[in-house]
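Worksheet: one structure, shown below.
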Amino acid sequence: MTVVALDVGGTSMKGALIEPDGTVLRTEGRPTGREHGPDTVVAAILDFAAELAASEPGVAAAGIVVPGLVDEATGTAVNSSNIGWRDVPLRKLAAERLGLPVALGHDVRTGGLGEAIRGAGRSGGDFLFLPIGTGIAAAMVLGGTPYPGSSGWSGEIGHVVVRPGGEPCACGNRGCLETYASAASIARRAGGIPAEEVVRRAAEGDERCAEVWTLALDTLADALAAATLMLDPSRIVLGGGLAEAGDALLPPLAERLVPRLTFRSPPPLVPAELGPLAGMHGAAVLAQRLVP
């Protein structure tokens with residue numbers, strides 16, 4: 001049965017109608033309107049989901065994934081600093097608006113689920129999913145299921161301290177991975193040049209961009225080495241916009257992991273296969289699980 005799949009980010013959201021085999025019937029993007037406050041974002045989500053549901057007969061369920069702290073069991077968007085909401089009963093609101101069963105999930109964990117079912121993790125085994133975008137977070141996928149942690153906070157690898165006493169982070173700590181290796185931080189360090197352009201210029205010999213990119217790779221390697229020693233994943237799946245850097249990211253990052261893992265081999269680093277659609281496909285999987 002066809003389902004609505006919605007992947008909500010801080011400033012924009014992607015929506016689709018998706019079939020059980022993963023076929024995407026329709027997809028489009030919308031702004032969240034977060035500059036007008038969290039109530040506007042909630043209204044935009046509900047309007048978008050309702051429009052998608054009404055565009056195709058026989059829609060059976062909906063899956064919505066959002067950033068921040070999410071309580072999947074109660075269907076509550078607990079907190080998001082990017083959006084500014086707190087304790088929003090989003091699953092209940094969406095179910096009432098759509099008249100359909102609705103699943104609510106965390107954006108990164110659900111992206112990991114999408115990769116586990118339809119992407120780079122479908123061959124099996126436990127893996128770490130790490131999208132690198134405006135921020136950095138991760139999902140540990142165990143037996144095909146993302147692990148949420150005891151309170152929904154698992155995967156906050158972007159706030160692992162990789163440079164003690166380093167730059168201040170928005171979380172209140174100093175020296176977090178996100179302040180050195182996220183796309184937003186890379187652009188900031190390079191004087192406003194987009195991260196993808198920084199990578200290209202670094203490869204062409206631009207010294208400033210090369211310095212920024214080297215620091216990003218070094219801090220990523222520090223964090224991934226720690227994650228590897230703690231979790232022993234079968235592979236690390238790298239997603240987000242920067243994962244499209246290809247040879248500028250994967251080989252040098254793998255090379256840096258070797259000396260940091262002195263007594264064991266590093267896990268394979270592989271690119272995500274679903275790209276920016278991972279969250280939507282994961283949302284579709286959550287929704288389809290609600291259909292008898």
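The values are calculated or read from the model by the stated rules, or taken from the named source; none is laboratory data. Treat the numbers as computed from the prediction; the structure is a model and nothing was measured. Every residue, glycine among them, receives a Cβ derived from its backbone with ideal geometry; neighbour counts consider all protein chains shown. Note: areas computed on protein heavy atoms with side chains; ligands, DNA, RNA excluded. Shrake-Rupley method; radii C 1.70, N 1.55, O 1.52, S 1.80 Å.
A few notes on this one:
- Projected label distance in nm at E51 and S81, using a 7 Å step from Cα toward the beta-carbon: 3.1
- Solvent-accessible area, 1.4 Å probe, carbon plus sulfur percent, for the chain: 54
- Percentage relative contact order, the chain, counting C-alpha pairs under 8 Å, at least six apart: 20
- Helical mean residue ellipticity (222 nm; -39500 (n - 2.57) per DSSP H run of 4+; nearest 500) of the chain: -11000 deg cm²/dmol
- Using the Cβ-Cβ distance between E196 and E167 with R0 = 25 Å, the FRET efficiency computed as 1/(1 + (r/R0)^6) comes to roughly 0.70.
- Spatially, the range 109-127 and the range 24-85 are offset by 22 Å when compared through their Cα centroids.
- Here the spin labels are modelled as points 7 Å beyond Cα on the Cα-Cβ line, and at R264 and V24 they lie 3.5 nm apart.
- Applying 0.36 nm per residue to the separation of A184 and Y147 and subtracting their alpha-carbon distance, the gain on full extension is 10.7 nm.
- Of the trypsin sites (Lys or Arg not before Pro) found in the range 56-130, the ones in coil according to DSSP and having at most 15 other Cβ atoms within 10 Å of their Cβ are R122.
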